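Sharing a structure below in structure tokens format, with a few things to ask.
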Amino acid sequence: MNHEYRPYTLIAEITYRCPLRCPYCSNPIDYARHGAEIDTDTWLRVFHEAEALGVVQLNLTGGEPLLRDDLELFIEKASKLELYTNLITSGIPLTFERLSRFRALGLNSVQLSIQGTRPPESDRIAGAPSFHRKLEAMHWVKSLELPLTMNVVLHRDNIADIADFIKLAEDFSTDRIELANVQYLGWALQNRSALLPTREQLERARTVAEHARGRLQGKMEVVFVTPDYYSVYPKSCMDGWGRRFIVVNPEGFALPCHLAQTIPGLHFENVRQCHLEEIWHHSSSFNQFRGDGWLPDPCRTCDRRARDFGGCRCQAFHVTGNAGATDPACSLSPDHGRIESARRQASHLAGLPVLFEYRSGRGFTQT
Amino acid sequence: MTSATARPQLSRKVRLRFDRRTGRYMLLYPETGLELNRTATEIACLCTGECTIDDIAQHLARIYVDLSTAEIKRNVHDFLNTLAGRGLLQGLQ
């Protein structure tokens, strides 16, 4: 039992369906195996329960949230609950009329992803022709005076174009640009050797981003997210397990992070059967890695434990086989050699053509 | 630097919301938010584009009678600069 934590953000993954096939998608690799999506009324109840629990931010995401035709009802409900509602989208499929409805119903901001700065590169990563439609969608967002974040996922193949991404964001007068390096989990871990940049690429990009941040301060927020494979200490994943975020996935499981279900041995409750408050406070899985009682060495006595909470549990499991281990991205982790070896591989592969395994549901038709 | 006659206004992306769990106000914007103390709330509520920075300082002076005018002005400028640095204000120029 634990009442000292309060969730501030609900990440509502309202569908895993998506018209794009990005090879670093944060959905689980076996998304096609997951069950039916929860219905409209269940989501409306979940928003209500989340607000009562302290949530003030709602991220409507997916997959592609635009594929749910009840999205209007979600935005309307969230607005009545005074939740700050962010639509996190690829911009496809969207019309100006639908976006206008979202705005009238109380949508607060739009985050739109761009895969490249030119059509061939962008469409190649997205796995579908989409670049021009994305620009059109960004134009609609701005013409409706909705706050716009341009989200760019950086990897080996596009990180050299960072100045062009920033220029594109400036051309659209976006309020914010998120230059987020791929986090190597899920599909991205499958494609790690094709995606991980070299240290030199990363440092050049960081310099460009820092320069832009200074130049654009107060006008456009520039956020640069380093890949933790190149940082000395791990990221504070989800601001700590079960501390501030709740993810509810398309089939209704409440999770401490998007990929928590990939960790074996944890039991997750479903919002179809359980009240969100009950799950947040009492779920064994939410409590599993809360606080510092569970921390392994060297985290247990580390000064940084209140800042990074031992790092990412999914990464610990997928790289070391133990979800309770120190995140191997940490230079103090006994398993850090595995990360160093991935970095060496990235530097050997620099300049070679990149082959991706695109996100797809094929191969998961059998159960 | 802010000028005393500027009329600050919260940006379109910002929502001011009362948090009944803490009894305080919050400024919400994409991805995150700021929890405001009483003084910050008084200032944020007046960032409507109608009041000048001097008006805001005078309003606070009526509430915080034991603070000097200079201290109040400094507090107002510091808080507004913090908001502006995060892109949460317009109308400072």
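Only loop residues by DSSP count here, and only those with at most 12 other Cβ atoms within 10 Å; note down the trypsin sites (Lys or Arg not before Pro) in the stretch B:7-62 that meet that.
Sites meeting the loop and neighbour criteria: B:ARG20, B:ARG21.
Within a Cβ distance under 12 Å of B:GLY87, other residues only, what is the Lys/Arg minus Asp/Glu net charge?
+4
Next question, about the same structure. Restricting to DSSP H runs of at least four residues, report the calculated mean residue ellipticity at 222 nm for the protein assembly as shown, -39500 (n - 2.57) per run over all residues, nearest 500 deg cm²/dmol.
Computed mean residue ellipticity for the protein assembly as shown: -10500 deg cm²/dmol.
Also: Using the alpha-carbon centroid of each, what span in Å lies between the stretch A:83-101 and the stretch A:13-63?
The stretch A:83-101 and the stretch A:13-63 have Cα centres separated by 15 Å.
Report, in debye and to the nearest 20, how large the dipole of the protein assembly as shown comes out about its Cα centre when Lys and Arg carry +1 and Asp and Glu carry -1 on their Cβ.
In total the dipole reaches around 500 debye.
Give me the accessible area buried between chains B and A, both sides summed, with a 1.4 Å probe, in Å² rounded to the nearest 100.
Between B and A, the summed buried area is about 1800 Å².
A:ASP297: accessible area at probe 1.4 Å, nearest 10 Å²?
100
Say the dipole of the protein assembly as shown comes from +1 at the beta carbon of Lys and Arg and -1 at that of Asp and Glu; which of A:THR326, A:ASN158, A:ALA316 then lies farthest toward its positive end?
So the residue we want is A:ASN158.
Once a ≥ b ≥ c are taken as the square roots of the eigenvalues of the Cα gyration tensor of the stretch A:276-367, is the result rounded (a/c under 1.5), prolate (a/b larger than b/c) or oblate (a/b not larger than b/c)?
Oblate.
Sorted by average packing, counted as other Cβ atoms within 10 angstrom per residue and highest first, what order do A:192-198, A:9-15 take?
Result, highest mean first: A:9-15, A:192-198.
Normalised by the residues of the stretch B:9-88, what does the relative contact order come to in percent, with Cα pairs under 8 Å and at least six apart?
25
Can you give the relative contact order of chain A as a percent, counting alpha carbon pairs under 8 Å and 6+ residues apart?
Once normalised by length, the contact order is 20 percent.
Once you have a ≥ b ≥ c as the square roots of the Cα gyration tensor eigenvalues for the protein assembly as shown, tell me rounded if a/c is under 1.5, and otherwise prolate or oblate according to whether a/b is larger than b/c.
It comes out rounded by the Cα gyration axes.
Right, something else. At what distance in nm do the modelled label points of A:THR40 and B:THR5 sit from each other, each positioned 7 Å from its Cα along Cα→Cβ?
5.5
Using 1/(1 + (r/R0)^6) with R0 = 25 angstrom and r between the beta carbons of A:ARG300 and A:ARG338, what's the FRET efficiency to the nearest 0.05?
0.75
Please give the charge dipole size of chain B, origin at the Cα centre, charges +1 on K and R Cβ atoms and -1 on D and E Cβ atoms. Round to the nearest 20 debye.
Around 380 debye, computed over chain B.
Still on this structure: With each pseudo-label sitting 7 Å past Cα toward Cβ, what's the A:LYS167-A:LYS80 distance in nm, one decimal?
Result: 4.8 nm between the two label points.
Would you calculate the separation in nanometres between label points at B:ILE63 and A:GLU210, each defined as 7 Å from the Cα along the Cα-to-beta-carbon direction?
3.9
With a 4.7 Å Cβ cut-off, tell me which Cys residues in chain A come up empty for a partner.
A:CYS18, A:CYS22, A:CYS25, A:CYS257, A:CYS274, A:CYS299, A:CYS302, A:CYS314, A:CYS330
How would A:HIS132, A:HIS275, B:HIS77 rank on accessible area, largest to smallest, probe 1.4 Å?
From most exposed to least exposed: A:HIS132, A:HIS275, B:HIS77.
Next question, about the same structure. Residues in the stretch A:168-205, backbone N under 11 Å from the label point at A:ALA160 (7 Å along the Cα-to-beta-carbon vector): list them, ranges by number please.
A:201
Next up: Would you mind calculating the gained length between B:THR32 and B:CYS45 on full extension (0.36 nm times residue separation, minus the Cα-Cα distance), in nm to one decimal?
That works out to 2.8 nm of additional length.
Could you tell me what percent of the DSSP beta bridges with both partners in the protein assembly as shown are antiparallel, to the nearest 5?
Antiparallel bridges: around 30 percent, rounded to the nearest 5.
Which listed residue (B:ILE56, B:GLN9, B:ALA70) has the Cα farthest towards the positive end of the charge dipole for the stretch B:9-88, taking +1 on Lys and Arg C-beta and -1 on Asp and Glu C-beta about the Cα centre?
The Cα lying farthest towards the positive end belongs to B:GLN9.
Is the shape of the stretch A:116-256 rounded, prolate or oblate, going by the alpha carbon gyration tensor and its root eigenvalues a ≥ b ≥ c, with a/c under 1.5 for rounded and a/b larger than b/c for prolate?
rounded
The values are calculated or read from the model by the stated rules, or taken from the named source; none is laboratory data. Computed from a predicted structure; not experimentally measured. Quick reminder, even Gly has a Cβ in these numbers, built from the backbone with ideal geometry, and neighbours come from all protein chains shown. Surface areas here come from the heavy atoms of the whole protein model, side chains and all, with no ligands, DNA or RNA. Shrake-Rupley method; radii C 1.70, N 1.55, O 1.52, S 1.80 Å.
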